[in-house]
Amino acid sequence: MKYTYLTLLLLSLSLIACEDVVDIELQNGETLYVADAFLTNESTEQLIRLTTTASYFDNSAPPAIKGATVTVTGSDGTLYNFTESLNGYYVWSPAFPGDKIDSLGETYTLNITIGNEFFQATSVLNPVPPIDSIAFEFDDDPKDEDDEGYTAEFFATDIPNRADYYWIKAYKNGQRVGGEGNFSLTDKDAAFGDVDIDGRLFIFPLRVFTINEDDYYYQINDTLRVELYSINAETHEFLEAVSVQTNNGGLFATPPANVYGNIRDANNQPQKKMLGAFNISSVSKKTAIVTP
Amino acid sequence: MKHITFISLSLLFFSSIAQQNFTISGTIKSASNGEELIGASVYCKALSLGTTANVYGFYSLTLPKGTYEITYSFIGFEDQVKTINVTSNGQYNIELAETANEIGEVIVTGERSDANVKEIEMSVAKMDSKQIKKIPALLGEADVIKSIQLLPGVSTVGEGSTGFNVRGGGIDQNLVILDEAPVFNSSHLLGFFSVFNPDAVKNVTLIKGGIPSEYGGRLSSILDVRMNEGNSKEFEGSGGVGVIFSRLALQGPIKKDKASFLIAGRRSYADILAKPFLRDDLKDSKFYFYDLTAKVNYQINDKNRLFLSGFFGRDVFGSGFFFDWGNATSTLRWNHIFNEKLFLNLSAYYSNYDYKLGVNIPEEPLDNFDWNSKIINYSIKPDFTYFLNNNNTLKFGGQSIYYIFKPADASFTTGGDGSSVTLPEKYAVENAVYLQNEQKIGSRITLQYGIRLSNFAQLGKGEARYYRDTVPGVRKELDRIENYDDNEVIASYINPEPRFSINYSLDEVSSLKGSYNRMAQYLHLISNTVASTPVDIWLPTNNNLKPQLVDQVAIGYFRNLQKNTYETSAEVFYKDFQNQIDYIDNANIFFNQDLDADLLSGDGRAYGLELYVKKVKGQLNGFVSYTLSRSERKVDGINKNEWYATRFDKTHILNVVASYDWTKKWSFSANFVLSSGTPTTFPTSRYEVQGAVVPHNSEESRNNVRIPAYHRLDVSATLNLNPDKTKKWDSELVFSVYNLYARKNPFSIYFQQNEDDRRVTEAIQYSVIGTLVPAISYNFNF
């Protein structure tokens, strides 16, 4: 949030600044395990991907970890088995229509066994508020006269009396707004910073900037789907850090730093050997079509 | 150390009793505008005795009864010889006339000609506004801080970054004072320009080592900026029109020789120029910065003089979103001459730094946000100079500062539903007393020794947060909160800070100097970005954060050549830092009540060699500086707990500044800077999470590589439009080109996913200024 202002300020300097792709030689490092384990409480296939790190400029698909045992257990002892599929994916499928991992407030544990190594992580399933509505407004003062259209805004209200963090994903005609790997996260209670404000309407920048493409308006008949995911505080921190480390340019870059998630090895050492994170989310979704 | 101080102090009280001596004293000023001549020399040839005027132009010289010819001199001014019959103590105020400015004759340096060798001070650089104006600058705007960055031992992480680094110290370790009042953020437009208006600045002194006891509160340097007093003889104006700023300064007598004023202002007009080119939604953008400097002084009588000065500067940016910041300072000073030996300067100041940011979009009346943050401080500072005798000058005094930190005062409304949030204010008091003597022993040795005793206390009303110990590098968990009442001491620290300098004169033209200083710093700038931002937070020392300390030793050889045409010096230094702040990985420093839990503390060290050659006379003049140095930190939890180079560490820095006065009409200047690239961290590996390709360094190292070297050439040509001084209206045109050969100097190299193919990762080199920047400006003086 802070850097939005600075970025705006720097726009005015962008005439003389420049960014160039350069060739750099990098050292290779030790190979580490990675788990990409973001689950939801929906009755659909749930995926966990196990891969390893690769050289930084290796643009091929990440190396898959084969032959691992992956389970998720609820605090009531319910066991969810994830079976190995292709490319490092481990899949849980609903056993019957409506089957899902869905006990609000419950702590779930991820268990991963690779050879004789054993890793664990926990996540609490938090509730998510509904998306009340989506509105489109024609912009009568467009940035560019050749590009006219509508700006979208969605409305949702934070759940009162608890500290909540959300992840907003928007899809314009099925395409993720902002592109894959860019995260629109809310600060605590969809407010600002560490401010103790609870149970309010999501603040304006979240309602608008998270669901509009920077350079393109919505046009008549475009479809917008907004999805709201509840995430744990530590997942928020993790994704925020990933976001910083993958967009760390400009005058106000922070020192490049490794990002560690919530996965620990069984000896409960600090997380160093397995990167990535485990989180289970509640989801609410709403779709709207632009009409004249 | 303490013993030596004590013995010497006792000795010197006995040494001045014997003979019948009298003291002559007074102030030395310029005859043309009444400005004090800081450092002007007073010399009695018959006795080979001399002294120099202090920063207020005051001198005191003790002579045996008799008649003497006393010579008053200052570079750029005619010598004045006065025959004085010394039969009693007497006050002799002197005005020196400026020498006619012939081409290539003399550059005014605000110094006696052999000061480089003769003065006790080392690791000190001085510049006056004439010198600063000669250096080619970005967009043709002469700049105090940019000029300072060309001196040996001074560096910066790059263009656009706020502040400067001195001998391996962070940017918060420089005490920047404008007429005694601290300026917390010395930059306009991030770091592209500094807030000091060169038309109002008299001179600038940067002290990097051997820091005298009268200064304290920061570890690495003192940047002492003094404003002009205002012409007390006649009305005068100066100013300029440039590409980015316009400037105007007016000064003149309120009552001739008694009272004068100075008022100087600048405003940028980038926004006005840019307006026709802005898109609709940016049409209403506010984007400008300005500063206003004002000063009046009143000579009440021969013994009393009052000065009141103020500075107000602000950067404003906004278009729906708004963001602005600025400093305001005001200083009241009283110079009092008790007698020919005892001089007092009493300063009281107020300083305020604040920033605001928020959102206020007219079309969205139900949603807005407004946040402001401030640091306010009040201080009183008496400084006495006691000219005990010709061999001993005592300085003593103290300072008391009261701080109010207002980290956040925010109000916000979402969907018409409003709230306000205030993070608790923090209060602190910083006190110091000092005693110092400068002593000449024989004709070869000058010593300066002293001690400063400083104390800092964070006061209530407030809370102290305590955290549990954890693995270094991991966020600490809150253990408990203790509450304190009004003015109750939350945490208190006391530090003795010994200071020592020696000048051993080898012969008339060369000397060896050495110094040791310990400094303590109680304010910390919390900034985790490469370039510091205007919204970075200053935190007081508290129960978790310990005072920063440094011990510095420096040794130097100083030599002047060809009748003081060339000044040269070679210095080496070593600094040992304690309690340096660093941050856990991915620290959250923004609006965080548990900020202390994300901070790490460690040691630092810096060492280096600085070479400097300055040609002060002749048609061709300028300087060459070279610095070979290293700046490192060692912090548990970073870089596997081993030493790592700081982000601003540069192994080699070479700066060449040259001016050539070709004819009365034309002069040319150039400067060339070359430095090693700054360190950064490159990843070894990548991995994917939720579509993001994340860089990872599996060695857990920090600053393991360097970005490519930085070099740049700037040139300027000045056309004097009134070469023969036939008109009262003096004016000149300055043509300049910054970054002449358009080098794209890297500021950083970072790693990202390709915009179009998200699976492809690439390294991006970011250059703040990727092209040459030509400019023209017009300056005038009447």
Members of region B:418-434 found to be over 17 Å from B:ILE589 (Cβ atoms), within 10 Å of chain A (Cβ to nearest Cβ) and either outside any strand (DSSP E or B) or without any contact (Cβ under 8 Å) to a residue 12 or more places away in the chain (or both), listed by number:
B:GLY418, B:SER419, B:SER420
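Only one of A:PHE155, A:PHE136, A:PHE192 is at the interface with chain B (Cβ under 9 Å from one of its Cβ atoms), assigned to a strand (DSSP E or B) and aromatic (Phe, Trp, Tyr). Can you tell me which?
Only one candidate qualifies: A:PHE155.
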Which residues, taken from region B:701-710, are open to solvent by less than 50 Å² (accessible area, probe 1.4 Å) and either polar (S, T, N, Q) or assigned to a strand (DSSP E or B) (or both)?
B:SER701, B:ASN703, B:VAL705, B:TYR710
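So, B:PRO534, is that one within 14 Å of chain A (Cβ to nearest Cβ) and either farther than 24 Å from B:GLN439 by Cβ or part of a strand (DSSP E or B) (or both) or not? Working first, answer last.
Values: within 14 Å of chain A (Cβ to nearest Cβ): yes; either farther than 24 Å from B:GLN439 by Cβ or part of a strand (DSSP E or B) (or both): yes.
Taking the combined requirement at face value, the residue satisfies it.
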Restrict the check to region B:627-640 and report whether at least one residue is surrounded by fewer than 21 Cβ atoms within 10 Å (Cβ to Cβ), free of Cβ contacts under 8 Å to residues at least 12 places away in the same chain and more than 10 Å from chain A (Cβ to nearest Cβ).
no
Can you name every residue in region B:764-781 that is facing chain A (nearest Cβ under 7 Å), in contact (Cβ under 8 Å) with a residue 40 or more places away in the chain and either touching a strand residue (DSSP E or B) at 6+ places or on another chain (Cβ under 7 Å) or among the basic types (Lys, Arg) (or both)?
B:GLN765, B:VAL773
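Condition check: at pLDDT below 90, buried (at least 22 other Cβ atoms within 10 Å of the Cβ), more than 18 Å from B:ASP596 (Cβ to Cβ) and polar (S, T, N, Q). Does B:SER532 satisfy that?
Working: at pLDDT below 90: yes; buried (at least 22 other Cβ atoms within 10 Å of the Cβ): yes; more than 18 Å from B:ASP596 (Cβ to Cβ): yes; polar (S, T, N, Q): yes.
Yes, satisfied.
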Report, by residue number, each residue of region A:249-265 that is modelled with pLDDT of 85 or more, facing chain B (nearest Cβ under 7 Å) and open to solvent by less than 20 Å² (accessible area, probe 1.4 Å).
A:ALA257, A:ASN258, A:VAL259
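Working carefully through the options B:ASP724, B:ASP714, find the one that is more than 10 Å from chain A (Cβ to nearest Cβ), among the charged types (D, E, K, R) and open to solvent by less than 40 Å² (accessible area, probe 1.4 Å).
Values: B:ASP724 fails: open to solvent by less than 40 Å² (accessible area, probe 1.4 Å).
Only one candidate passes the filter, namely B:ASP714.
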Among the residues of region B:641-669, count how many are open to solvent by 50 Å² or more (accessible area, probe 1.4 Å), in a strand (DSSP E or B) and of a type in the set (Phe, Trp, Tyr).
3
For region A:229-248, state whether one or more residues are more than 12 Å from chain B (Cβ to nearest Cβ) and farther than 18 Å from B:ALA692 by Cα.
yes
Restricting attention to region B:559-600, which residues are within 28 Å of the chain's Cα centre (by Cα), open to solvent by 20 Å² or more (accessible area, probe 1.4 Å), of a type in the set (A, V, I, L, M, F, W, C) and within 20 Å of B:ALA125 (Cα to Cα)?
B:ALA570, B:VAL572
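May I ask you to say which residue of B:VAL183, B:VAL201, B:VAL241, B:VAL176 is in contact with a Leu (Cβ under 6 Å, 6 or more places away or on another chain) and farther than 22 Å from B:PHE747 by Cα? If you could, list the steps in order and put the result at the bottom.
Values: B:VAL183 fails: in contact with a Leu (Cβ under 6 Å, 6 or more places away or on another chain); B:VAL201 fails: in contact with a Leu (Cβ under 6 Å, 6 or more places away or on another chain); B:VAL241 fails: in contact with a Leu (Cβ under 6 Å, 6 or more places away or on another chain).
Residue meeting the stated conditions: B:VAL176.
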Of everything in region B:540-554, what is surrounded by fewer than 23 Cβ atoms within 10 Å (Cβ to Cβ), part of a strand (DSSP E or B) and of a type in the set (A, V, I, L, M)? Give them in sequence order.
B:LEU549, B:VAL553
How about region A:266-292: which of its residues are open to solvent by 30 Å² or more (accessible area, probe 1.4 Å) and either part of a loop (DSSP other than H, G, I, E, B) or modelled with pLDDT under 85 (or both)?
A:ALA266, A:ASN267, A:ASN268, A:GLN269, A:PRO270, A:GLN271, A:LYS272, A:LYS273, A:THR291, A:PRO292
Are there strands (runs of 3 or more DSSP E) fully within region B:15-75 with at least 3 residues that are open to solvent by 20 Å² or more (accessible area, probe 1.4 Å) and over 26 Å from B:GLU121 (Cβ atoms)? List them.
B:66-73
Have a look at A:ILE101, A:ILE168 and point out the one that is touching a residue at least 12 places away in the same chain (Cβ under 8 Å), more than 30 Å from B:GLN593 (Cβ to Cβ) and of a type in the set (Val, Ile, Thr).
A:ILE101
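The values are calculated or read from the model by the stated rules, or taken from the named source; none is laboratory data. Predicted model, so just to flag it, every value in this text is computed and none were measured. Cβ coordinates were reconstructed from backbone atoms using ideal geometry, including for glycine residues, and neighbour counts include every protein chain displayed. When the accessible area is computed, the model is the full protein with side chains, heavy atoms only, and any ligands, DNA or RNA have been set aside. Shrake-Rupley method; radii C 1.70, N 1.55, O 1.52, S 1.80 Å.
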